[in-house]
1. Based on the alpha-carbon gyration tensor of region 490-571 and its eigenvalue square roots a ≥ b ≥ c, which shape applies: rounded if a/c is under 1.5, prolate if not and a/b is larger than b/c, or oblate?
2. Need one number: % antiparallel among DSSP beta bridges in region 465-570, to the nearest 5.
3. What does DSSP give for the chain in terms of the percent of beta bridges that are antiparallel, rounded to the nearest 5?
4. In the set [x] 47; [y] 40; [z] 55, which value of percent of Cα pairs over 34 Å apart was calculated from the structure you see?
5. I'd like the FRET efficiency for residue 57 and residue 185, computed as 1/(1 + (r/R0)^6) with the beta carbon distance as r and R0 of 22 Å, rounded to 0.05.
6. With just the Cα atoms defining each centre, how far is region 390-415 from region 98-114? Give it in Å.
7. Kindly rank 212-222, 89-99 from highest to lowest mean number of other beta carbons found within 10 Å of each residue.
8. Between residue 325 and residue 408, how many nm apart are label points set 7 Å from Cα along the C-beta direction?
């Protein structure tokens, strides 16, 4: 079988780069900050960032980045320093990201909703010496600082830089969460520095010299859905290439005129590349929301008229379910792009019929910067498929037990990809420094199928497959059936150790109505699935643990079960 490469590889805008710009696998090998510098040169007065009514032009953004970089330099940040950015979607996140890279340092992306233990582990693992965070989590970071290499905690507030009107718009969604607040008290501590002070530094920093193909730009922690999180090393060239590949997927994009509604978090690689970096490559406008709030989303759609709306299935489902959906005009949105988790085909059909906005499913992972596949914006689509490889990306299906062997078209196997977006390896893990195992091919760990036209469909995670009585069972397949039961809003299926069958199938189900029964769940599965796939146990819960972008944490559920069994055995 011939490895598939995308059929829409023409990218004429790449010819606009000067001939002296080095190229890596056909894409510019330049620092990520070049994207911002080019946009500021071409569109200095265009709005780069809009956040709850507060706007910043590309000229102002670049100037603030350079001043903030100067402030970080005075704190000792330099070439190869690691700086943890622990911020939600806000202008400070964009400024901090590019300022760190301006100095040749490395951004360590952390979830601002992470627990102190999770943050401690990532700070220790990365060796970060500076942390940039919201005021409300500064006390947690100060408490664990002694166990890390952190010297300085740079603190900002969501209210910093916002007008009084913008603060009022922010307070409404924040008031719905009692744990959240506009401004939090920060203890007096010599390790504390203020973001706004650094952003006023007189001496601006210049771009540090670096090798884009070899130097790490971002340490991006994996979601940890099947194992402990580890930091993928994404180079400048990896991320620049993926932005251009996404640009190739949008051949009709209009530089200087695109508007991206940014609800998915920038600290996640999907939001980082799809929302921030690609928008800046296009000289477009990022509309930032610090958290998902359906009323705030509608408000921004009304005011900002976005053209691109990346998200995850629960976001699109929430729009469909909202009683005021038809009061809002979504016609400016040219495409919604769903990622991070499987997109149900029926959701696509209902969303497009109701809103008139096309909804596409893409595919990628942290280790691929992240996008590798998506359906083209124009032309036919295959329901349930994640589409074709992006420009410059090769993909094939191999035998999960022998990746040297490709499987027949239409047969399931492990998805392998190859391209300039494939990462450098895992941080501080010597055995994993060279990620590809087969001449540059990255084994994704996902089970997929390629049809005769070269379209790819994801079946499941290789590590998530349940093996019961010698049969392979896809949790996703069982979950799809359970989600079709009226009254069920969420579910996760996992394999638990079983003395006789190896593993047994258990379903964790959320059904707020309280009328769904275990027998109904099992009956629905029995009607659609082979007997060995039907859950032996069904547990109803009020909610399930999820990652920041909505993936159910199957690993966490399994760990809870194993811990409970151990405790029972001890008693």
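Bear in mind these aren't lab numbers, they're just calculated from the coordinates by the rules spelled out. Treat the numbers as computed from the prediction; the structure is a model and nothing was measured. When we count neighbours, we look across all protein chains shown, and the Cβ atoms used for this are built from the backbone with ideal geometry, even at glycine.
1. Details: a/c = 1.64, a/b = 1.13, b/c = 1.45.
Oblate, since a/c reaches 1.5 and b/c is not below a/b.
2. Details: 13 of 17 bridges.
That works out to approximately 75 percent antiparallel.
3. Details: 51 of 88 bridges.
Antiparallel: roughly 60 percent of the beta bridges in the chain.
4. Checked against the structure: label [y].
5. On the way: r = 33 Å, r/R0 = 1.50.
So, using R0 = 22 Å, E works out to roughly 0.10.
6. 34
7. Details: 212-222: 22.2, 89-99: 26.7.
In decreasing order of mean packing, 212-222, 89-99 become 89-99, 212-222.
8. 4.2
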